[in-house]
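For reference, the structure discussed in these notes is given below.
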Amino acid sequence: MTAARKHPVRAYGGSQHRIAKPVGRRGGVVLMPGHSAMETARTLFPSTVVHASVSPRVLIDGLNQRKIGRKVMKGKWRGFRIFTLTLEECATCPSSCKQWASCYGNNMPYARRHIGGEAFEAKLHDELAALQKRHPGGFVVRIHILGDFYSADYVQFWRDALTQFPALHVFGYTAHPPESEIGAQLLDMAVNGWDRFALRFSGAGFHSLGAETIERDEPTPHIVCPSQLNKTDCCATCALCWQSDRTIAFLRH
Ligand code: SF4
Ligand code: SF4
């Protein structure tokens with residue numbers, strides 16, 4: 001058993017290395033200025049974008065996501081099952097995102113991306129209600145593997161969901177600047193409800209509650225994601241994103 005494998009793989013689902021990365025690429029895909037995907041605020045893979053009415057489910061077992069894992073193995077959310085949620089990148093994101101051209105969605109040709117809106121929110125609500133029943137002791141949603149909070153109403157959706165579903169716990173990141181209208185609402189939710197809404201602000205220059213992208217050899221005062229350093233398998237065995245209020249640094253792909 002390596003240092004990165006302190007827990008039996010079957011317990012948390014493993015790091016899902018069976019889910020292959022796209023091959024033939026070194027480093028992430030960075031779009032050239034003027035690329036149509038950037039200009040139209042769309043994903044590079046429009047055929048993967050689905051309406052909620054034709055999606056089998058919007059919340060996906062963390063087992064199916066490389067680097068997420070199925071069940072939290074440590075910390076205050078220990079034992080909680082993890083589910084992921086994916087929207088269309090760029091279409092739902094603030095154009096101020098500093099990773100707009102180098103979005104890691106550019107490297108995810110197989111992810112099912114959901115279109116935001118009323119039908120999506122209705123389906124998401126039903127699925128959260130079902131998870132509340134199935135996991136009344138707690139469950140986690142890794143919010144927005146791709147995509148972001150696309151409206152103030154959608155932020156309110158999550159505020160209401162946290163009240164309605166006491167077992168719900170959320171972690172993830174947003175590119176909304178904390179001083180923007182949506183960013184200010186999210187900051188309020190994170191600061192006043194971190195125990196269940198661990199949302200980090202990407203590229204905001206925070207020393208806590210932040211997330212920063214750094215180059216591989218760049219010195220940083222922040223904690224570097226241990227999974228990227230091969231010190232742990234996945235989020236399920238790490239838990240830092242919701243355990244620590246220190247900013248986390250991610251190595252650029
Ligand atoms: S907010 Fe995230 S998903 Fe959206 S463009 Fe930026 S990096 Fe991509
Ligand atoms: S710091 Fe830990 S919890 Fe956060 S993304 Fe990396 S592995 Fe996951």
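Derivation of every value follows stated rules applied to the coordinates shown; laboratory data play no part. What you see is a predicted model; the values in this text were computed from it and never measured. So basically every Cβ, Gly included, is an ideal-geometry build from the backbone, and we count neighbours across all protein chains shown.
Under Stokes-Einstein, with the Kirkwood radius over Cα pairs standing in for Rh, what whole-number D in µm²/s applies to segment 33-141 at 37 °C and 0.692 mPa s?
Calculated translational D: 214 µm²/s.
For segment 212-253, rounded, prolate or oblate, judged on the Cα gyration tensor with a ≥ b ≥ c (square roots of eigenvalues), a/c < 1.5 rounded, else prolate if a/b > b/c? Judged from the Cα gyration tensor, segment 212-253 comes out oblate (a/c at least 1.5, b/c at or above a/b). Is segment 160-253 best put as rounded, prolate or oblate by its Cα gyration tensor, with a ≥ b ≥ c the root eigenvalues, rounded for a/c under 1.5, and otherwise prolate when a/b is larger than b/c, oblate when not? Taking the square roots of the gyration eigenvalues as a ≥ b ≥ c, segment 160-253 is oblate.
Projecting the Cα atoms of Thr247, Phe201, Gly75 onto the charge dipole of the chain (Cβ charges, centred on the Cα centre) puts Gly75 farthest toward the positive pole. Within the chain, no helix built from a complete DSSP H run reaches 15 Å or longer along its own axis (Cα positions) while carrying a mean Kyte-Doolittle hydropathy of 1.6 or higher. With the cut-off at 1.5 for a/c, could you classify the chain from its C-alpha gyration tensor as rounded, prolate or oblate? Rounded is the answer for the chain, as its axis ratio a/c remains below 1.5.
Taking GluC sites (Glu not before Pro) as exposed when DSSP calls them loop and at most 15 other C-beta atoms lie within 10 angstrom, the chain has its longest site-free stretch at 1-178. Pairs exceeding 28 Å between alpha-carbon atoms, taken from Lys76/Lys133; Lys98/Lys123; Lys67/Lys98; Lys71/Lys98; Lys123/Lys231: Lys98/Lys123; Lys71/Lys98; Lys123/Lys231.
Only the Cβ atoms of Lys and Arg (+1) and of Asp and Glu (-1) were treated as charged; on that basis the dipole of segment 35-251 about its Cα centre amounts to roughly 1080 debye.
As a test of the formula, what do you get for the chain when each DSSP H run with n ≥ 4 contributes -39,500 (n - 2.57) and the sum is divided by the residue count, at 222 nm and rounded to the nearest 500 deg cm²/dmol? Walk me through the numbers before you get to the answer.
Details: 7 runs with 59 residues, N = 253.
Calculated from helices alone, the mean residue ellipticity at 222 nm is -6500 deg cm²/dmol.
So for segment 35-251, taking the charge dipole from beta-carbon charges (+1 Lys/Arg, -1 Asp/Glu), which of Pro221, Val49, Leu63 sits furthest toward the positive end? It is Leu63.
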